[in-house]
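> This is the structure I have questions about; it appears just below.
Nothing in this text is a laboratory measurement; each read-out follows from the coordinates by a stated rule. Given the structure is predicted, the values throughout are model-derived calculations rather than measurements. In this analysis, Cβ positions are derived from the backbone assuming ideal geometry, glycine residues included, and neighbour counts consider all displayed protein chains.
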Amino acid sequence: MATSTATIRNDDDQQTSATPLELSTLNGNAMQQNTIKLPPRQYERRERLIIIKNVIIIGLAFMIHFTAFHGTSNLQSSVNADKALGTTTLAVIYGSLILSNIFLPMTVIRWFGVHLTMSLAFFAYMPYIAAQFYPRFETLIPAGLMVGFGSGPLWCAKFLTLTLAGNETDSQSNSSSQLVGELCGARYCPGIGSEVNPNLIPPEPAKIQLLNSIFLVCMVIAFLLMFFGVNSLKRYGIKRGETEEGLSGLKLLTATVNLLRTRRQLLILPITMFIGLEEAFLAVDFTKSFVACGWGISNIGFAMICFGVANAVAAGFAGGLAAKLGRTTLAALCAIVNLSLLAYMLHYTAQPNDYIKYCTFAAVWGICDGVWLVVVNAFYGILFPKNLIAGYSNFRLWESTGSVIGYIISSQLCTSTKQMLLMFVLLIGCAGYGYIEFHIRKKQKHLENMLKE
C-alpha cells in the first residue's frame, strides 16, 4: 500500500504539509491512501473552548437553517399540490443531491475551505425559500437544483468539522368523522383534494408568504452565524487549496463506486435507503395523509414541532445509550419501535382533530429517525475508517436515493402501500445491519482469543 502526504495551500497561499485524518481512494483491487495529517500537538484550554464554541454555533446554525428548509419542504405536497409541483421540486432537490455527493464535496472544499463551503452552501438554499413567493416550475426547479448541488459539500464539510472536533476535544360532526376515516390516514390516495375534504384547503396566500418570510430570515441568520461565528479550520491543518493527490470529483466517484464492491457497503445500503424513504414519507405523506387530511393544513406545524423536539432529544441521547446498551441493542429496539409504529398507523382509522395521535405519531417517528441517523452515521465511520469521505458520500448518496424514490412514488401510490414498502425495506435493512454486526463481533472475539493465546 503506497502512502503519500498531501501538500496544500492555506488561506494565505502559503505551502504547508497537511499532517491523522486519513482519506483513502480505492483503485481497482489496490488501495492508494491519500493522507491529510493534523499537527500532533495537545490543544490548550483556550483552543478547546474555541472548538466547543464552533461546534455549538454550527449546531445552532444548522438547527435554524433546517428548521426553515424542512418547514418549507413539509408543506410542499399540500401547498404546491397543483401539477405535483411541490413533490417534483423535492425530487429534483434529492436527485441533484445524488450528483452533488459524487462529484462536488472535496473539489468545493479544496477551493473554498471547510468554513466557507458551509457558509456558501447555506446561501445556496435561500433562493428555494424566495421562490415560494412565486411558486412556478421555472422558479422552484432551478432553486431546487441549487439546494441539491449545495447540499453535498455542506454535509461533507459538516462531517469533517465534527469528526475533527470530536478527535481534538476527545469527546367535527359524525359525517365529518366518517369522511376523514374513509379518506385519510393509511387509506389516503393521490387525487383526494379540497373539493372532497375541506381540511385540505390551503391557507391564505398572505399567511404562506409571511411564513416564507420568516423562513428566509432564519436562513439569513444561519448564514451569518456560520460565516462570522465559526473560526477557520486552517489552525487544525484543514486548509484551503488544491492537493496534488486529493480526492477530486472523479477520484471520489471512483472511491464511492469501489466501496460498492465491498460486502459491508452492499449490506448496509438497505437501512441507508430506508432513512431516506422514511424522511420522504414523513415530509410528504404523513403531513398530508394524516395531519392535513385529518386535522387541517394549518396544523402541520404543530405535529412537526413534536417531531423536531423528539428528534433532537433522541439524537442527543442516542450516543450515550449506544455506549450503555450497546449499538446493536439500541438499533434492535429502534427497529421494533419503528415497525410497531408503522403497523399501528397502517391499521389506525383516522379521526378529525385527533391531535394527540397525530402529534404522538410525529414524536415517535422523530425518536426513531434521530436514533437511526446517529447509529448508521457512526457505523459508516466504523466500517470505513480509512475512507471517511467516500463512506459519508455513499451514505448521503443512498439516503438521497431513498428520498428520491419516496418523492416519486408519493403521487403514484396510496399511503398504505407506501407504509408496507417502508416496513419491507426496514426488515431487509435490519437483516443486513445485523449480519455486519455479527461478523464484526465474530472477528473481535477471534482477535481476543489470539491475543490470549
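> So which of K418/K445; K158/K324; K53/K357; K53/K443; K207/K357 end up more than 31 Å apart, counting from Cα to Cα?
K418/K445; K53/K357; K53/K443
> List the residues, sorted by chain then number, that are 5 or more residues from N387 or on another chain and whose placed amide H is less than 5 Å from its amide H.
Answer set, sorted by chain and number: S24.
> Grab the other residues whose beta carbon is less than 12 angstrom from that of F281, score K and R as +1, D and E as -1, and report the net.
With Lys, Arg at +1 and Asp, Glu at -1, the net is -2.
> When only Cα pairs under 8 Å and 6 or more residues apart are kept, what is the percent relative contact order across segment 336-453?
After rounding, I find 26 percent.
> Given axes a ≥ b ≥ c from the Cα gyration tensor, I'd like to know whether segment 315-424 is rounded (a/c under 1.5), prolate (a/b larger than b/c) or oblate.
oblate
> For L224 paired with L346, estimate the spin-label separation in nm (one decimal), with each label point 7 Å from Cα along the Cα-to-Cβ line.
Once both label points are built, they end up 4.9 nm from each other.
> Could I ask something else about it? Taking 51 Å as R0, compute the FRET efficiency from the Cβ-Cβ separation of E47 and L99 and round it to 0.05.
0.85
> Sorted by packing (mean other beta-carbon atoms within 10 Å per residue), highest first, where do 186-199, 118-131 land?
118-131, 186-199
> Okay, next question. Could the peptides 263-271, 397-405 be put in order, highest first, of the mean number of other beta-carbon atoms found within 10 Å of their residues? Present the calculation step by step, with values, prior to reporting the outcome.
Working: 263-271: 19.8, 397-405: 24.0.
Result, highest mean first: 397-405, 263-271.
> How much length is gained if the chain between Q178 and F438 is pulled fully straight, taking 0.36 nm per residue apart and subtracting their Cα-Cα distance, in nm to one decimal? Intermediate values should be presented prior to the final figure.
Details: separation 260, 0.36 × 260 = 93.60 nm, distance 4.87 nm.
Length difference between fully extended and current span is 88.7 nm.
> Also: Nearest 0.05, what FRET efficiency do Q209 and M63 give at R0 = 35 Å with Cβ-Cβ as r?
For R0 = 35 Å, the calculated efficiency reads 0.90.
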